[in-house]
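Down below is the structure, laid out as structure tokens.
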There are 2 protein chains.
Amino acid sequence: MLSEFDLIKQYFVQDYPENPRFPLGIGDDCALLQPHPNRQMAISSDMLVSGRHFFPDADPTMLGHKCLAVNLSDLAAMAAKPLAFTLALSLPEANRAWLSAFSAGLLNLAREHDCRLIGGDTTKGPLTICITIFGELPPASALRRDAAQVGDDIWISGNLGDARLALAAYNNEVSLSAAAHQQAAIRMHQPTPRIALGIALRGIAHAALDISDGLMGDLGHILNASQVGACLHVDRLPAGPVLGLENQALRREFTLAGGDDYELCFTAPVSQRAAVLAAGVASQTELTRVGRIEQASGLRLIDESGAAIVLDLKSFDHFTSP
Amino acid sequence: MLSEFDLIKQYFVQDYPENPRFPLGIGDDCALLQPHPNRQMAISSDMLVSGRHFFPDADPTMLGHKCLAVNLSDLAAMAAKPLAFTLALSLPEANRAWLSAFSAGLLNLAREHDCRLIGGDTTKGPLTICITIFGELPPASALRRDAAQVGDDIWISGNLGDARLALAAYNNEVSLSAAAHQQAAIRMHQPTPRIALGIALRGIAHAALDISDGLMGDLGHILNASQVGACLHVDRLPAGPVLGLENQALRREFTLAGGDDYELCFTAPVSQRAAVLAAGVASQTELTRVGRIEQASGLRLIDESGAAIVLDLKSFDHFTSP
């Protein structure tokens, strides 16, 4: 079956001649354009489909927040400063209550990040939301997926797995108390884009991306793009506060192959440990060191004793996942 | 009922402080960003939904062409030069034959205009295509909707109505020979973005837009934004070659309130008539002078004898049209 990445690679990736005005095309969190030698723009587009990315009856305020948050998260992962966005919206009907709540959730987060809504499109159709976001950064300061170096530490912002745990509870895969479910669900519905952290990591981190489809798969993109491997301390992964109360098997599964985390995974040289921790403090973001980039390709999972663990976990794929 | 424009105005237009880096926000063919004092970017986003903007069994090559063409047309209407675009694609399944044909139609047109595909998103869901396009132009050279001046001529590129006639034939509202239907359908499926004309009109034309929802309604946007009125010679409107064989009532209806034309409607001072015609020749685009911008608000339709005509025609609206 054709995976999402194969689909893009086979049908849409073009072999364009090198041109300094196009520093980076398909395959990272954002594309980069350089309209002027002193200025780069980071651009990302995300489409959210009802019934696929959110429940059809999702709270529209939280949905508005989330649509923009996932795009802001892509800017964060490139170390770009938010500038503006466009919104294309397909709606089954023009419902005033829904529109009012949706636009409030969207525009409140936009204001927080000084990110202007500059245009877009509206049409009738199945509920679908497509945001394209624009950020700015100085040339050569982007945190790209292909920049990890052997010996780099691997870091994770915040914590992982509570969004996936909330989804599991909605789907009756696990049982949570109402309070626990509510707390975990905040992480699913209201992700926090790590904009300040991304900018603070300019010149300090090497590679970065945001974790949206599960850490293992997403870290795999850094490893492939950078042509390196890694060793990951599975039991040092920062589990969300609700997931932290669950058993080890679930903690491992949902921190490694959850989804919807929107935390940053980045690599930085050992010599920058103090600078990384300072960036965390400056951006009020907890950071955890969870592994190391290595020469040998592939991802090796180890437990606290240093013994290898084999886990059969799959990252989410839109076309091959059930 | 809430119209598309009211919906945008009430829920999404924000009152941002003036800032030279944001020359133009919501409401024109494109938004403008000015990341550097010497460089503006024109940005437009269009979402096409299966069953709404195209038939679910639409030829994928033509669909790929059309999705990009409607976005290029927005750049043309601002006099911007195409630079790059993102593609967000929701697909019911990853079908190789469909993807191969769709990407060929899309990327062939992109190559023609030297417009790079730099990123986007793919997901499973109802067939929906959202393209966000980026063009470049020198500061202060954009052809904006609010720039029409009293006394300006009104011009139309190419011809109007064949796309609407083809749709009418698909819907059995009119009867066409197979050959005539096929010819008209090309205009519906394969619109020609007027990029070269738009660029040639820099410094010559005042206001411009592309006609996508019907001339009367679209010209109305120029009149509203520029706070002027206009007089339009209905029987001088250039009908498409297939529509030209139909009766006067249908010619008038489909040139005035068709849709899917993707021709430019622009205004230019009388003193620039020779320059306008030269721009048409240089860009190999037929141009027709069809009316005049006037002080008195409103749009007045007149026939060849100069007598007023009253026609009850409505522009297409995604939320109030049937």
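The values are calculated or read from the model by the stated rules, or taken from the named source; none is laboratory data. Keep in mind the model is a prediction, meaning the values are calculated, not measured. Here Cβ is always computed from backbone atoms with ideal geometry, including for glycine, and neighbour counts include all displayed protein chains. Only protein heavy atoms, including side chains, enter the accessible area calculation; ligands, DNA and RNA are left aside. Shrake-Rupley method; radii C 1.70, N 1.55, O 1.52, S 1.80 Å.
Couple of notes before you dig in:
- Screening A:Thr61 with (1) more than 12 Å from chain B (Cβ to nearest Cβ); (2) within 18 Å of A:Arg164 (Cα to Cα) gives one miss only, at (2).
- Taking the criterion of being touching a strand residue (DSSP E or B) at 6+ places or on another chain (Cβ under 6 Å) and more than 20 Å from A:Pro191 (Cβ to Cβ), the residues of the stretch A:224-250 that qualify are A:Val228, A:Gly229, A:Ala230, A:Cys231, A:Leu232, A:His233, A:Val234, A:Arg236.
- Residue ID - most open to solvent (accessible area, probe 1.4 Å), chosen from residues in the stretch B:30-39 that are under 19 Å from B:Tyr16 (Cα atoms) and in contact (Cβ under 8 Å) with a residue 60 or more places away in the chain: B:Gln34
- Selection status of B:Thr132, under 19 Å from the mean Cα position of the chain (by Cα) and outside the structural domain of B:Pro60 (by TED's automatic domain parsing): no
- Applying the criterion of being within 8 Å of chain B (Cβ to nearest Cβ), not hydrophobic (A, V, I, L, M, F, W, C) and not in a loop (DSSP other than H, G, I, E, B) to the residues of the stretch A:27-49, the residue that is farthest from A:Phe102 (Cα to Cα) is A:His36.
- Test: residue in the stretch B:147-161 that is within 13 Å of chain A (Cβ to nearest Cβ) and aromatic (Phe, Trp, Tyr): no
- Single unsatisfied condition, A:Ile195 versus (1) modelled with pLDDT of 95 or more; (2) of a type in the set (A, V, I, L, M); (3) more than 20 Å from A:Leu109 (Cβ to Cβ): (3)
- Of note, B:Ala275 satisfies the criterion of being surrounded by 15 or more Cβ atoms within 10 Å (Cβ to Cβ), assigned to a helix (DSSP H, G or I) and small (Gly, Ala, Ser).
- If the condition is being open to solvent by 50 Å² or more (accessible area, probe 1.4 Å) and hydrophobic (A, V, I, L, M, F, W, C), then the stretch A:40-55 contributes only A:Phe55.
- The set of residues in the stretch A:137-168 that are more than 18 Å from the chain's Cα centre (by Cα) and either buried (at least 24 other Cβ atoms within 10 Å of the Cβ) or closer than 30 Å to A:Leu245 by Cβ (or both) comprises A:Asp152, A:Asp153, A:Ala168.
- Each residue in the stretch A:88-106 was checked for being of a type in the set (A, V, I, L, M) and open to solvent by 10 Å² or more (accessible area, probe 1.4 Å), and 4 of them qualify.
- Among the residues of the stretch B:111-136, those identified as more than 8 Å from chain A (Cβ to nearest Cβ) and either in a loop (DSSP other than H, G, I, E, B) or surrounded by 23 or more Cβ atoms within 10 Å (Cβ to Cβ) (or both) are B:His113, B:Asp114, B:Cys115, B:Leu127, B:Ile129, B:Ile131, B:Ile133, B:Gly135.
- Residue under evaluation A:Met188, criteria (1) part of a helix (DSSP H, G or I); (2) open to solvent by 50 Å² or more (accessible area, probe 1.4 Å); (3) touching a residue at least 24 places away in the same chain (Cβ under 8 Å), criterion not met: (2)
- Hey, B:Ala69 over 20 Å from A:Leu32 (Cα atoms), touching a Leu at 6+ places or on another chain (Cβ under 7 Å) and not in a helix (DSSP H, G or I) or not: no
- Subset of the stretch A:193-229 [of a type in the set (Asp, Glu) and open to solvent by 20 Å² or more (accessible area, probe 1.4 Å)]: A:Asp213
Rundown of residues vs (1) within 8 Å of chain B (Cβ to nearest Cβ); (2) surrounded by 17 or more Cβ atoms within 10 Å (Cβ to Cβ), yes/no style:
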position	(1), (2)
A:Phe12	yes, yes
A:Gly25	yes, yes
A:Asp57	no, no
A:His65	no, yes
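- Close pairs (6 angstrom Cβ cut-off, 6 or more residues apart or separate chains): assigned by TED's automatic domain parsing to the domain that holds A:Pro37 and closer than 26 Å to A:Gln34 by Cα in the stretch A:1-21, among the aliphatic types (A, V, I, L, M) and open to solvent by 50 Å² or more (accessible area, probe 1.4 Å) anywhere: A:Val13/A:Ile26
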